[in-house]
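The values are calculated or read from the model by the stated rules, or taken from the named source; none is laboratory data. The shown structure was predicted, so the numbers you read here are calculated from the model rather than taken from an experiment. Ideal geometry is used to build each Cβ from the backbone, glycine not excepted, and the neighbour counts take in all protein chains shown. Heads up: the accessible areas ignore ligands, DNA and RNA and are worked out on the full protein's heavy atoms, side chains in. Shrake-Rupley method; radii C 1.70, N 1.55, O 1.52, S 1.80 Å.
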Amino acid sequence: MSTPEDRWNPEDGPPPSDEERSAAGAFADALKRPTSAPVDDLSDALQSLVATARRLDATVHPDPDAARAVAARAVERAAQRARSPWARPWVRRLSVAAAGLSLLGGAGLLATRGLTPPRATPGISRPAEDALQGPVEAGAGSMPSSRIYDSRLHDYRAVLLRGRSR
Amino acid sequence: MADQGENTDRALVEAAQAGDSRALRALLDRFSRPLYAAVLLPRVGNPADAEDLLHETLRRAVEQLHTFRWTGAGVFPWLRQIAVHLVIDHVRRNQRRQRLEDRLEVEPSGVVPLHRADAEEEMIERQERSVAVKAMESALETLNPRYRRAVELRFVEERPREACAEALGVTVGNFDVILHRAVAALRKSYGVR
């Protein structure tokens, strides 16, 4: 026994699956909505098909009254926005320039700080005479080479510790 | 007469560029309806999306008006270009969101109307609408003749489903399948530019 759905015309392509019939039914239902009704609740694929159908409708059946109302709303909003100071090019340019100057200032400050040597950081290449003139610490070697070595090691540790504590 | 229209538009643009808010409003008033009804809506379909895009078009136009340089074509082609770019961005955003693999089709540049500065709004809208109709017709031509007929019956002639099914000699359920396939195929070849 055949149902009306079985009479599929081969000219219309391959016979549809149940899944395709269901999708086609959902599309037919979506088309029953007014063209201005939201479609956010539909699947992405269905929204896309409805948008195509609405494009056709808008092309063939324009609605001048609706278009006039939309245009009036848009003009009103644009005119209000145009009255705000931000709409003026010179205000925007001035703001961009001020932001740019602030950035440049910040970058300059960073660069300056970065380039300044750490405050009171002792060098590790003090002249050998300084190391030799100082008092010999208890337990340290008294040979000049040992005194120079100890002095530089001390300075090196100081630099290292200062760097870690920053 | 034509020169007078052109001079009026040019004077409006120059006054708006100089900060005259009434001139700006007059310009926006003149072109917003053709932008919405004949440029945006036939390209995006959804009235809410088209309205959002109109707001954005006018916002950009107001912000960038100082960059506009007068030509004999007037200000509409400049506004149209802003609107069409926004539509293309909108379609691409949707395609990314929906993970569609369809190519964004474009129409040949020959179908873009040549506008004149002195053209009336109705004339501009008619020209733009003829572009949209041509785009639709070219897309319809790519369809199987019975699919095309299904689209024409339902969307152009606005016949009820039952009448459409009867005209094609199929059941309503089969008509729904044909229309679903037809619109899916049409979506791929329907340009937006």
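Step through the residues of the range B:64-75 one at a time and calculate ³J(HN,Hα) from phi using the Karplus curve (6.51 cos²θ - 1.76 cosθ + 1.60, θ = phi - 60°), rounding each to whole Hz and writing x for Gly and Pro.
9, 4, 5, 8, 6, 10, 5, 9, x, 7, x, 8
Place +1 on the Cβ of every Lys and Arg and -1 on the Cβ of every Asp and Glu in the range B:142-193, take the dipole about the Cα centre, and give the residue among B:165, B:183, B:153 whose Cα lies farthest towards its positive end.
Positive-end residue among those listed: B:183.
I'd like the distance separating the alpha-carbon centroids of the range B:9-64 and the range A:16-88, in whole Å.
Value for the Cα centre distance between the two parts: 19 Å.
Return the long-range amide H neighbours of residue B:142 (sequence gap of 5 or more, or a different chain), with a cut-off of under 5 Å between placed amide H atoms.
Answer set, sorted by chain and number: none.
Run the 1.4 Å probe and let me know the accessible area of residue A:150, rounded to the nearest 10 Å².
Surface accessible to solvent at residue A:150 totals approximately 60 Å².
If each of residue A:29 and residue A:112 carries a label point 7 Å out from its Cα toward its Cβ, how far apart are those two points in nm?
7.0 nm
Mind checking B:32-41 for the average number of partner chain beta-carbons within 10 Å of each residue's beta-carbon?
If you average over the peptide's residues, the count of other-chain Cβ atoms is 6.
In whole Hz, with x marking every Gly and Pro, tabulate ³J(HN,Hα) for the range A:63-75 from phi via Karplus 6.51 cos²θ - 1.76 cosθ + 1.60, θ = phi - 60°.
Working through the residues one at a time gives 10, x, 5, 4, 5, 5, 5, 5, 4, 4, 4, 5, 5 Hz.
Quick one: ranking B:128, B:56, B:158 by accessible area, 1.4 Å probe, largest first, what do you get?
So the residues, ranked largest to smallest area, are B:158, B:56, B:128.
If ligands, DNA and RNA are left out, what is the accessible area of residue B:188 with a 1.4 Å probe, given in Å² to the nearest 10?
110 Å²
Read phi for every residue in the range B:16-26 and hand back ³J(HN,Hα) as whole Hz from Karplus 6.51 cos²θ - 1.76 cosθ + 1.60, θ = phi - 60°, with x for Gly and Pro.
Running phi through 6.51 cos²θ - 1.76 cosθ + 1.60 with θ = phi - 60° gives 5, 5, 7, x, 7, 5, 5, 5, 4, 4, 4 Hz.
Summarise the partner chain shielding of B:140-153 as one whole number: the mean count of Cβ atoms from other chains within 10 Å of each residue's Cβ.
Numbers: counts 1, 0, 0, 0, 3, 1, 4, 2, 0, 0, 1, 3, 2, 0.
Averaged over the peptide's residues, the number is 1.
Can you give the FRET efficiency to the nearest 0.05 for residue A:45 and residue B:7, using r as the Cβ-Cβ distance and R₀ = 56 Å?
0.65
How big is D, in µm² s⁻¹, for the range A:13-86 by Stokes-Einstein at 10 °C and 1.306 mPa s if Rh is the Kirkwood radius over C-alpha pairs?
104 µm²/s
Once you have the Cα-Cα distance between residue B:70 and residue B:89, take 0.36 nm times their residue separation minus that, and quote the gain in nm to one decimal.
Answer, rounded to one decimal: 4.2 nm.
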